[in-house]
Amino acid sequence: MNPFEQLGVSSEIQAAIARLGFEQPTPIQEQAIPVLLETGRDLTALAQTGTGKTAAFGIPLIQLLDASINQLQALVICPTRELCLQISRDLESYAVNIPGVEIAAVYGGSSIDKQIKAIRGGAQIVVATPGRLMDLMSRKAVHLEKVRFVVLDEADEMLNMGFEEDVEHILSFTPAVKRVCLFSATMPPEIRRIAKKYMTDPVEVAVGKANSGNANIEHEYAVVQARDKYPTLKRVLDYTGDSFYGIVFLTTKMETQDISDKLIRDGYSADCLHGDLSQQQRDKVMNRFRHKAVRILLATDVAARGIDVSGLTHVIHYNLPDAIENYTHRSGRTARAGKSGISFTLLNVRESYKLKEIEKKSGITFKRIQIPSAREVLDRKLLNFTQHIASQLVDESLFDAENFQNMEVLMAMEKQDLVKKILSLELNRFAADYLDAPDLNVSGKTAESMDQSEGGGSRVFVSVGKKDGFDTLGFKDWVADLCGLKKKQLHVYVKGVYSFVDVTPTLVPAVLEGLNGAQFNERSVRAELTASKAGGFQPEGSWKKKDDGNRGGGGGYGKKSYGDNKGRQGGGYKGKSDRKSYGSGESRGFKKRAY
Ligand code: AMP
């Protein structure tokens, strides 16, 4: 029996999703579809994008609606225009074998008249972003009183974007008797409150842990100097070659545009997506990316929300995001529906705080890897090129070897000479980039030592000093002991009533935790991160807030992560033996020095 049939899915929809390549239901589909089809109950589902959640509610929605009645029966509310379009497209594809199903996508930034027409034309399902739907309601262009189904998709994202009131307003116009499904990647208390208010005894289903990384994603990072991020990106792209299909995330619009321009200038097939583009431009970019006309998309977090493109091999974090959830959102764009993918961070050591936070909060284990050397990239390029030649089909109708006049010039050459010349031709294209190209890894140094050598240490103020009887050596001993650090990891400056401890940023939590609240001469010691040394580390944005929260109590950083720091030198990455070169190893079919 077809596994979807076992869940109660109709034969028409089974045929439709078979065409989409759905062979086995995903875990969220296994749990949600029977509830929606067979129990008549409400549902809350804890599921991230990439889990197959759209089909988990979309299939039952299509199956349960009455296609013979041309009135609005189901409402799907979602946070972004992209997601809105994606959901409508998905719903249409599930409904291809059911005549009469009409779906209207309703979102801002596009002609409202067309949308009104689609609704008046008898759409049974409206997929909408909150703002545009409110607009349509106020124009009396949409009537919700016959709605039997409401789906709130990416509910946490809607809240984050400030749509809480709008969503509640919309819900208040729907009939009291209806079914509600709520999908969310996290379940903060506000979502629980909405669920309680608008849902009746919902069945709760969950896949995976909220915020946890998808098991099929390999989380990797390489430590690079800030100025080397661009050449590193290029090297990763060159090494991966034509198989690369992914999104590079950056934090600002300007940087996104800038790096995209640079890549295009350097001959890469890239494009970018950010808030300064018009809807039309964004659509164009997304279409080109979806159809693989461009294989490298540079995007800001906001612009990339709701993008669902299957088959991405890579997500690259040019910068780490400020919010941890954004890391999981970003990396969840790859490894969808059972496929595997790589989420790769170009880590400047000043960002190592963020990596640690992500590791701690999301349970993701990162693997440090080495950026391939210029030689490795060139070898890899030759390998790809050779495979390309070997697999090339010759179209005799285009290429007439018999009558090709210069054939004898080629045939007269030694075979080995000919091969060398052809391969050189390919390599010469990259010569400028790779001749004398430096090693981009922060090699031989740990993240910490690099940090200090770059003058990027952090300074912690401590409320004890010479007046308390400390001298430099005594103070260093005392700090090292309390914080579980080695003396060589610290520089101390003992002043009159206070002192400074300089450490690498990764050790700041250990210092704050060790010293804050410690008792000395019956006084409670206070330790605070100061403004950095010249050019040094300064926490930013939400990371700064976390530091602030830690002041006075040292409670913000769990002992488990930072308390056992003794002797750890590597800024969190595993030992040297764990390291691998980017993309190396059997799994990617690369053997070093193939020639
Ligand atoms: P979603 O979580 O809804 O964003 O879905 C992620 C991706 O998984 C989409 O590209 C779907 O087309 C795909 N997908 C959903 N369900 C299945 C399935 N049962 N088998 C294979 N692919 C699926």
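In the stretch 46-60, the count of residues that are open to solvent by less than 50 Å² (accessible area, probe 1.4 Å) and away from the ligand (no atom under 11 Å from the Cβ) is one or more. For the stretch 423-438, filtered to residues that are open to solvent by 70 Å² or more (accessible area, probe 1.4 Å) and in a helix (DSSP H, G or I), the residue that is farthest from Tyr239 (Cα to Cα) is Leu425.
Scanning the stretch 94-108 for residues that are within 16 Å of the ligand (Cβ to nearest atom) and crowded, with 17+ Cβ neighbours inside 10 Å turns up Tyr94, Ala95, Ile103, Ala105.
Residue by residue, here is whether (1) more than 19 Å from Lys229 (Cβ to Cβ); (2) of a type in the set (S, T, N, Q); (3) in a helix (DSSP H, G or I) holds:
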| residue | (1), (2), (3) |
| --- | --- |
| Val302 | yes, no, yes |
| Ile307 | yes, no, no |
| Asp322 | no, no, no |
| Tyr353 | no, no, yes |
| Pro372 | no, no, no |
| Arg380 | yes, no, yes |
| Thr386 | yes, yes, yes |
| Ile389 | yes, no, yes |
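Does Leu36 fit the bill of being within 16 Å of the ligand (Cβ to nearest atom), closer than 19 Å to Val142 by Cβ, in the same structural domain as Lys140 (by TED's automatic domain parsing) and part of a helix (DSSP H, G or I)? Criteria not met by Leu36. Selection over the stretch 1-32 of residues that are among the hydrophobic types (A, V, I, L, M, F, W, C) and within 26 Å of Ser331 (Cα to Cα) gives a count of 5.
Screening the candidates Glu402, Glu376, Glu396 for the property of being under 25 Å from Arg235 (Cα atoms) and over 16 Å from the mean Cα position of the chain (by Cα) yields one hit, Glu376. What are the residues in the stretch 67-79 that are out of contact with any helix residue (DSSP H, G or I) (no Cβ under 9 Å at 6 or more places or on another chain) and open to solvent by less than 60 Å² (accessible area, probe 1.4 Å), if any? Hit for the stretch 67-79 is Ala67, nothing else.
In the stretch 302-314, what count of residues is obtained for those that are more than 24 Å from Leu159 (Cβ to Cβ), more than 14 Å from the ligand (Cβ to nearest atom) and either open to solvent by less than 30 Å² (accessible area, probe 1.4 Å) or at pLDDT below 80 (or both)? Residues in the stretch 302-314 being more than 24 Å from Leu159 (Cβ to Cβ), more than 14 Å from the ligand (Cβ to nearest atom) and either open to solvent by less than 30 Å² (accessible area, probe 1.4 Å) or at pLDDT below 80 (or both): 1 in total.
Considering (1) within 11 Å of the ligand (Cβ to nearest atom); (2) more than 17 Å from Val126 (Cα to Cα); (3) under 23 Å from the mean Cα position of the chain (by Cα), the lone condition that Phe22 does not fulfil carries the number (3). Within this structure, Lys486 passes the test of being modelled with pLDDT of 85 or more and not aliphatic (A, V, I, L, M). Screening Tyr268 on (1) farther than 22 Å from Ser340 by Cβ; (2) open to solvent by less than 30 Å² (accessible area, probe 1.4 Å) shows it passes everything except condition (2). Taking the criterion of being open to solvent by 30 Å² or more (accessible area, probe 1.4 Å) and in a loop (DSSP other than H, G, I, E, B), the residues of the stretch 109-136 that qualify are Gly109, Ser110, Ser111, Gly121. Note on the stretch 233-249: residues that are open to solvent by 10 Å² or more (accessible area, probe 1.4 Å) and either among the small types (Gly, Ala, Ser) or at pLDDT 95 or above (or both) total 2.
The values are calculated or read from the model by the stated rules, or taken from the named source; none is laboratory data. Note that the structure is predicted; figures quoted are calculated from it, not measured. Note that we place each Cβ from the backbone using ideal geometry, even for glycine, and neighbour counts take in every protein chain shown. Note: areas computed on protein heavy atoms with side chains; ligands, DNA, RNA excluded. Shrake-Rupley method; radii C 1.70, N 1.55, O 1.52, S 1.80 Å.
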